[in-house]
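Have a look at the structure below before the remarks.
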Amino acid sequence: MSEIYFCDVCNESVPVADLDQGHALRVKERVVCAACNRAMGGPSSANAPHPSVPLGFPAAGTIHSHGHTHTATHHAPSGSGAALTFGVLGLAVAISVGVWAHGEFDAVEARAAAAAERSAVALRDGQARLAAFELEASARRDSEASERRQQVLELRSDLAELRSRAEARLAELASAVAGTSERLIAADEALKKVEQHEAELLSLQQKLIETRGALDALSAELAARIAAAKQGGGAAPSAAPEDPAWLALLEQLRSANVSERYVALVGLAASRDPRATAEVLPSLKDADIFLRMAAARALGDLASQEAIPALIDALDDEEALVREAAYLSLRSITKRDLQFDAHSPDAAERAKRIKAWREWWDKERPKAG
């Protein structure tokens, strides 16, 4: 089994081939590998010496001295002189090899010590730089942490200020909304009162107009009777005149004054004469809401089926009061109650009900003759 060598510097194994070829160095019991030998300034492989010789006498015919090999060529002496010569020569070679080996070993130790010192210096320098770096990094971290803490404090302060402002603004808005709500409630109540007063005033005005219409109708009828009586020699007429009394109201029905037209419609309604239906129908499309409403009511009083189609159309009027008057007159004339909500805001539902009235009348018209 071959012997294994280890470097006394790096403790790595040393191939025997390196020792044989002179790349590694062996001095006494110490071995230096090729890498450490080169690192300590030893000879390169190109200039490496021949394999080192173990301590003892050199091989016959060779002398090693400071890296050079000399081949001795001699003739062996005979007898005791030759023995003495070889003894002296061997002693000289041994002394020479010892001196050389000692010098080489000291040089190797010096180079190893220098390398160790350089390594120690480099290690100390690296440790010093690492300590400085860690100190600088720690200082930087502390500084950054301090800056972040300051930023967090500033942000918290800003947030607190913003929250305070927001709460104050919300309080102002809540107060303003509360005040506005109270004013809206008060305004709504006032509006309801105004609407109530307007409704009462409108009702009174309507009653006044109706009263005036009734009076005018009575006056017209009375005038017609008086005129008929005069024509008959003072005797009371035994039969109705050929021309109805309401004919006197037709000129008033065409007046530019709304009140006069309203009075005429009321008078025609009071006549209860279905023949007046054709005179009342155009007023269902008058621009004035009160005249349209009065015309719808008058047609109900006249009770003529001639008015049914126009009253069904009036169910689509833009004003709820007119729609309601037309619906009541339709019920009065037809004696039917097809559901219809005149005040419903749902136009589609109203249209559906109007369609039902039209379909019904289309079926009933032929029966009415």
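The values are calculated or read from the model by the stated rules, or taken from the named source; none is laboratory data. If you're wondering where the values come from, they're calculated on a predicted model, not measured in any experiment. Heads up, the Cβs are rebuilt from the backbone with ideal geometry, glycines too, and the neighbour counts pull from every protein chain shown.
Among helices (runs of 4 or more DSSP H) entirely within the stretch 280-369, having at least 3 residues that are out of contact with any His (no Cβ under 7 Å at 6 or more places or on another chain), closer than 27 Å to GLN252 by Cβ and charged (D, E, K, R) singles out 289-302.
Between a first residue in the stretch 22-34 that is under 18 Å from ASP106 (Cβ atoms) and a second residue that is of a type in the set (Asp, Glu) and assigned to a loop (DSSP other than H, G, I, E, B), which pairs have beta carbons less than 8 Å apart while being 6 or more apart in sequence or on different chains? Close Cβ pairs (under 8 Å, with a partner that is of a type in the set (Asp, Glu) and assigned to a loop (DSSP other than H, G, I, E, B)) amount to ARG30/ASP8; VAL31/ASP8; VAL32/ASP8. Name the residue that is surrounded by the most Cβ atoms within 10 Å (Cβ to Cβ), counting only residues in the stretch 308-329 that are of a type in the set (Val, Ile, Thr) and within 18 Å of GLU364 (Cα to Cα). Per the stated criteria, the residue is ILE312.
Looking only at residues in the stretch 40-53 that are under 26 Å from ARG118 (Cα atoms) and surrounded by 16 or more Cβ atoms within 10 Å (Cβ to Cβ), the one that is modelled with the lowest pLDDT is ALA48. Residues in the stretch 113-126 include none that are in a helix (DSSP H, G or I), over 30 Å from CYS7 (Cβ atoms) and more than 39 Å from the chain's Cα centre (by Cα). Among the residues of the stretch 20-38, is there at least one that is at pLDDT 50 or above, surrounded by 12 or more Cβ atoms within 10 Å (Cβ to Cβ) and touching a Pro at 6+ places or on another chain (Cβ under 6 Å)? Yes; the residues of the stretch 20-38 include at least one that is at pLDDT 50 or above, surrounded by 12 or more Cβ atoms within 10 Å (Cβ to Cβ) and touching a Pro at 6+ places or on another chain (Cβ under 6 Å).
Considering the stretch 343-358, and only residues there that are within 22 Å of SER304 (Cα to Cα) and aliphatic (A, V, I, L, M), the residue that is nearest to the chain's Cα centre (by Cα) turns out to be ILE354.
Looking only at residues of the stretch 285-342 that are polar (S, T, N, Q) and over 54 Å from the mean Cα position of the chain (by Cα), we find that the one that is farthest from ASP273 (Cα to Cα) is THR334. Checked across the stretch 122-142, the condition of being modelled with pLDDT of 70 or more and under 30 Å from ASP18 (Cβ atoms) holds for at least one residue.
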